[in-house]
Amino acid sequence: QAKSNGNNQYFFFDRDLKHQLDRCLLIENELKFAANRREISVYYQPKFMLESEVLVGFEALFRWHHETLGFISPAEAIPIAEETGHINLLGYYILDEVMEEVARWQRDYQFFGVVSVNVSAVQLRQMDFCQQVKFLLEKHNLDGTYIELELTESVMMELTDVLPKLEQLKSLGLKISLDDFGTGYSSLFILKELPIDTIKIDQSFVRTIDDARSANIIKTILAIGSNLGLQVIAEGIEDTDSLNTLKGLGCLFGQGYYYARPMPLEEVVHYIKAHDTAE
Ligand code: C2E
Ligand code: MG
Ligand code: MG
Ligand code: MG
């Protein structure tokens, strides 16, 4: 009896694994066509100054809507794109799109907020990543100071030549943001060694801000930021309570569903017009 149960479990395990593999292969294959089929889009989530409610910028987030598979999340697609190297093309496409829009928002709507783009280790590892960025800035006649690159701790730890790369990006005017701060390792080493402008408090701390330990960690991150002269932004603000607690702790910037979910491009201009923006 017990043995046959065990076998059943193996059977289910194998079948699940096979499903997973099939899905990976499918996604890997479909990803190759996604950009040309115009299935990829960039959504934008606003970032605010908490006290004044001034709209200071957006975070660009990749969205993929496949005609038969439906919506495929970045959490599922990005790791596969990284493994196959396809993220390089995808990331280039996203940077190109974002810069085009940022230049247009400046030109047509006098919006001069900073827009951040997530960059993976695989992308940054490309020999010519900085040249790509420089080329795109020139293509869109855009000042690099309006673009921020969001990198995670693991990205910074993985790359041996990360310092010269970041310095080169900084020389183009770009800002560097440390995403999901506190969830990786060696955070303080990174802050000591690398030219970071912004720390993003990971949403796992914000979501549990009611817990005294989380609140204290946030307080500590804010102190680190202020002592090192870095901007600190909280991600994942979902309600008034967490917003007020963050304000009370002295956090100046934030983003999250409380303000807005990531929105399609078509809604951004309307959103900019409807809010106070940084001069
Ligand atoms: P991330 O950069 O930390 O982005 C924040 C994620 O939290 C986004 O999920 C966003 O939609 C979500 N979020 C924002 N506010 C809230 C909130 O109040 N509550 C909750 N529960 N979630 C919130 P998304 O868009 O699914 O992206 C997930 C991750 O995928 C990102 O984490 C980032 O690491 C990666 N990613 C997304 N777009 C790109 C991209 O264009 N390139 C690269 N390399 N990675 C990307
Ligand atoms: Mg991010
Ligand atoms: Mg994050
Ligand atoms: Mg994340």
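Summary of computed values
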{"quantity": "Which numbered condition Ala121 fails, given (1) within 16 Å of ligand 4 (Cβ to nearest atom); (2) open to solvent by 20 Å² or more (accessible area, probe 1.4 Å); (3) small (Gly, Ala, Ser)", "calculated": "(2)"}
{"quantity": "The stretch 126-162, residues that are of a type in the set (Ser, Thr, Tyr) and buried (at least 17 other Cβ atoms within 10 Å of the Cβ)", "calculated": "Tyr146, Thr152"}
{"quantity": "Elements of type helices (runs of 4 or more DSSP H) contained in the stretch 159-225, each with 1 or more residues being within 16 Å of ligand 1 (Cβ to nearest atom) and more than 28 Å from Gly248 (Cα to Cα)", "calculated": "162-171"}
{"quantity": "Check on His86, of a type outside the set (Phe, Trp, Tyr), in contact with a Lys or Arg (Cβ under 8 Å, 6 or more places away or on another chain), open to solvent by less than 60 Å² (accessible area, probe 1.4 Å) and within 19 Å of Phe33 (Cβ to Cβ)", "calculated": "yes"}
{"quantity": "Scope the stretch 234-254; condition in contact (Cβ under 8 Å) with a residue 40 or more places away in the chain and either in a helix (DSSP H, G or I) or surrounded by fewer than 19 Cβ atoms within 10 Å (Cβ to Cβ) (or both); matching residues", "calculated": "Leu243, Leu246, Lys247"}
{"quantity": "Selected residue (criterion: nearest to Val114 (Cα to Cα)) from residues of the stretch 188-205 that are within 16 Å of ligand 3 (Cβ to nearest atom) and touching a helix residue (DSSP H, G or I) at 6+ places or on another chain (Cβ under 6 Å)", "calculated": "Ile199"}
{"quantity": "Evaluation of Lys219 against (1) out of contact with any helix residue (DSSP H, G or I) (no Cβ under 7 Å at 6 or more places or on another chain); (2) charged (D, E, K, R); (3) surrounded by fewer than 17 Cβ atoms within 10 Å (Cβ to Cβ) (one fails), failing number", "calculated": "(1)"}
{"quantity": "The stretch 112-128: number of residues that are assigned to a helix (DSSP H, G or I) and touching a residue at least 40 places away in the same chain (Cβ under 8 Å)", "calculated": "2"}
{"quantity": "Residues located in the stretch 94-106, provided they are open to solvent by 40 Å² or more (accessible area, probe 1.4 Å) and either within 12 Å of ligand 1 (Cβ to nearest atom) or more than 26 Å from Asp143 (Cβ to Cβ) (or both)", "calculated": "Glu97"}
{"quantity": "Subset of the stretch 41-69 (residues that are away from ligand 4 (no atom under 16 Å from the Cβ), open to solvent by less than 40 Å² (accessible area, probe 1.4 Å) and either modelled with pLDDT of 95 or more or assigned to a loop (DSSP other than H, G, I, E, B) (or both))", "calculated": "Val42, Tyr44, Pro46, Phe48, Leu50, Val54, Leu55, Val56, Gly57, Phe58, Trp64"}
{"quantity": "Filter pass, Phe33 being out of contact with any Ser or Thr (no Cβ under 7 Å at 6 or more places or on another chain), outside any loop (DSSP other than H, G, I, E, B) and either open to solvent by 30 Å² or more (accessible area, probe 1.4 Å) or in contact (Cβ under 8 Å) with a residue 40 or more places away in the chain (or both)", "calculated": "yes"}
{"quantity": "Residue check for Pro264: more than 22 Å from Leu50 (Cβ to Cβ) and within 18 Å of the chain's Cα centre (by Cα)", "calculated": "yes"}
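The values are calculated or read from the model by the stated rules, or taken from the named source; none is laboratory data. Since the model is a prediction, treat every value here as computed from it, not as a measurement. All Cβ positions, even for glycine, are placed from backbone atoms using ideal geometry, and neighbour counts span all protein chains on display. For accessibility, only protein heavy atoms count, side chains too; no ligands or nucleic acids. Shrake-Rupley method; radii C 1.70, N 1.55, O 1.52, S 1.80 Å.
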